[in-house]
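Inspection log for the structure reproduced underneath, given as structure tokens.
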Amino acid sequence: MIPPQPPNYQSGPNYPPAPNYQSGANYQSSAGYQLPSYQSGANYQSGPGYPPPNYQSGANYQSGPGYPPPNNQWQPSTNSQAKPRAAKKQAAPLPLWLFISGIILTIALLVALYILGSDWAEGASQASVAALIIAVLVAVGWFVRTHLRQITPSSKPRRLISTAFLLLLLIFSGWGRASQATLHIWQGQSFENQQKWQPAINEYTFAGETAPLSTDLARTYTSWGQDLNKHQQYNDALAKFNYIITQFDTTGTQISADQGVAQQIKLAKQGSVDARIAMAQQNIQAHNYNAATSSLDTTLGLQYCDDSCRQRAQPLDATAYYQLGSDQLQAKNYSSAVDNFNKILTSFPDAKEANDTRTSMSKALLGLGESQLHNKDYQSAEDSFSKILSTYPYPAKAKQIHSDLAQTIMGLAATARAGSCTDSLKYYQQLAKDYKDTPQGQQAQQQLNIQPDVKGHFVNTTPEHNFYQIALVQGLHGLMTQDEIFSKWDNAPYKTSIQPNGDFVFQGIPEGSYDLMWYSNDGVTEHVEFIYKELSFDPEYVANIGPLCTVNMGTVTNVTGANS
């Protein structure tokens, strides 16, 4: 507090001091004039005529005990008074053109950032960040101007506009960040309407949509496949349909698919069938029958190939197989032709090509059989020729087939005889019976007419007897007398010598069953012997002779038995 001072009155050219004028937001003044500012104290009085508007000093100045007026005297005050705050400087508003230009440039910047984004969501994200930055700058600028300078009355409308614009920037910034997924979906739908399928799928994926629950993705893939079908790009279309079927079909799982997704799966399955059938038709027209049958077989094997699908695919498949088999028959690829004709007759027996297929099958089997006969694959050749006779009669080639079969059976006979004559016998007998009108049948009969040999190896276990002859007889048994045994030897129809090494051979023996007995004679004593079974008394060594085949008795020994 400043201590009170005695009044000091001065007069002169500079007294009284110039008035202190103040201005403010609420101050109204006329042009060129401002009211003076007066400080009041405990004894201060004021009124309409006070203080005097003008003070002068000089030679004519009068003063006295009553002048200056008491109200102008300084008097001490018991109350302290705060020092007055300095007045704010006035802030002139921005020029109108700059104010408007700032708003326009801000909007233009946000639009440019939005357009330059890789997609709507990215553009909105960029613009929202810029809007937030601009809003902060505008808020800071507005705060500084408001608190450091007085805003002139003419700037208030602009301040309202600035405030509204600031709020709009903040709202836009928040919306741009919060609406990313929505913007991706909106742009995906826009791309989808423009048939820009992959960009649409990308946008839906960016929005967080995934299989198997995204109807948008399922619809886009299905529409893409249908569009590819229209442009005959069937393989690409199948890829899209298969993706829907494999990735979105939740059958057999615990996932519950949306009805929209289920509808798209149904459309994808129908589109898959359409694409496969159309591709098969295209291949048939191009004579690419292998590709056509492959596509149609796959189609018919699909779980979702219903009656309508089969009614469309089966006739085409039969046609493709018939054309393929016909081409192979013409190219003498008989084995493949037979397989393809057989496919028609077993899988599509009611096909329009069925009758023609049977005729073509006969030709293919004949060609195949002759090829197998030429390659000495006799068993396969017999199967081919026999199938013609049993299933696919070919009257025009009956004589040729008969001759081919005779050659085939003779080949089988010769092959079997090289390993086992017994196994070959049936073929010779078949030839002699059913193909006697062929050279092979006549040759077989000649072989059957030849009487076979009987051979073996004799091992003598009694050195005191030198057995050097062996015979084939009938009627031996273990209870025979000595005379009966010698009688059998003497009357034996077939005798042969036993070689020094023990081997023996009977040549040209008629069919029948013969017992073996052997003979020795040292010039003094004759000895005849055979071996029989102790329980049944039947001979141990019996030669059962049939047609064609030599009988090998193996090792014949006199280790036990009866003798004479």
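Figures for the structure shown
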item	result
Residues (acidic (Asp, Glu) and either open to solvent by 70 Å² or more (accessible area, probe 1.4 Å) or in contact with a Leu (Cβ under 6 Å, 6 or more places away or on another chain) (or both)) located in the stretch 471-512	Asp483, Glu484, Asp490, Glu511
Residue that is modelled with the highest pLDDT, among those in the stretch 513-546 that are open to solvent by 60 Å² or more (accessible area, probe 1.4 Å), over 11 Å from His477 (Cα atoms) and acidic (Asp, Glu)	Glu526
Check on Thr298, open to solvent by 40 Å² or more (accessible area, probe 1.4 Å), within 30 Å of Tyr392 (Cβ to Cβ), within 19 Å of the chain's Cα centre (by Cα) and not small (Gly, Ala, Ser)	yes
Where Gln189 falls short, out of the listed (1) in contact with a helix residue (DSSP H, G or I) (Cβ under 6 Å, 6 or more places away or on another chain); (2) under 18 Å from Trp120 (Cα atoms)	(1)
Options Ile244, Ile201: the member that is in contact (Cβ under 8 Å) with a residue 12 or more places away in the chain and within 30 Å of Gln126 (Cα to Cα)	Ile201
Residues (open to solvent by 70 Å² or more (accessible area, probe 1.4 Å) and part of a helix (DSSP H, G or I)) located in the stretch 280-295	Gln281, Gln282, Gln285, Asn290
Conditions (1) touching a Ser or Thr at 6+ places or on another chain (Cβ under 8 Å); (2) assigned to a loop (DSSP other than H, G, I, E, B); number of the one not met by Gln328	(2)
Residue check, Ser223 among the polar types (S, T, N, Q) and modelled with pLDDT of 95 or more	yes
Any hit, the stretch 395-405, residues being under 17 Å from Tyr541 (Cα atoms) and open to solvent by less than 30 Å² (accessible area, probe 1.4 Å)	no
Residue within the stretch 354-364 that is farther than 13 Å from Tyr394 by Cα, buried (at least 17 other Cβ atoms within 10 Å of the Cβ) and either at pLDDT 95 or above or touching a helix residue (DSSP H, G or I) at 6+ places or on another chain (Cβ under 7 Å) (or both) present	no
Residues located in the stretch 268-279, provided they are surrounded by fewer than 19 Cβ atoms within 10 Å (Cβ to Cβ) and over 18 Å from Asp317 (Cα atoms)	Gln270
The lone exception for Trp175 - which of (1) of a type in the set (Phe, Trp, Tyr); (2) at pLDDT below 75; (3) out of contact with any Gly (no Cβ under 6 Å at 6 or more places or on another chain) it fails	(2)
Complete set of residues in the stretch 340-363 that are without any contact (Cβ under 8 Å) to a residue 12 or more places away in the chain and of a type in the set (Asp, Glu)	Asp350
Which numbered condition Gln499 fails, given (1) at pLDDT 95 or above; (2) in contact with a Gly (Cβ under 9 Å, 6 or more places away or on another chain)	(2)
Filter pass, Thr555 being in contact with a Pro (Cβ under 6 Å, 6 or more places away or on another chain), over 15 Å from Lys488 (Cα atoms) and touching a residue at least 40 places away in the same chain (Cβ under 8 Å)	no
Verdict on Gly325 being at negative phi and touching a residue at least 24 places away in the same chain (Cβ under 8 Å)	yes
Yes/no for Val459 being farther than 19 Å from Pro510 by Cα and in contact with a strand residue (DSSP E or B) (Cβ under 9 Å, 6 or more places away or on another chain)	yes
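The values are calculated or read from the model by the stated rules, or taken from the named source; none is laboratory data. Just so it is clear, the model here is predicted, and its values are computed rather than measured. Glycine also receives a Cβ, built like all others from the backbone with ideal geometry; neighbour counts cover every protein chain displayed. Ligands, DNA and RNA are stripped out before the accessible areas are found, and what is left, the full protein with its side chains, is counted by its heavy atoms. Shrake-Rupley method; radii C 1.70, N 1.55, O 1.52, S 1.80 Å.
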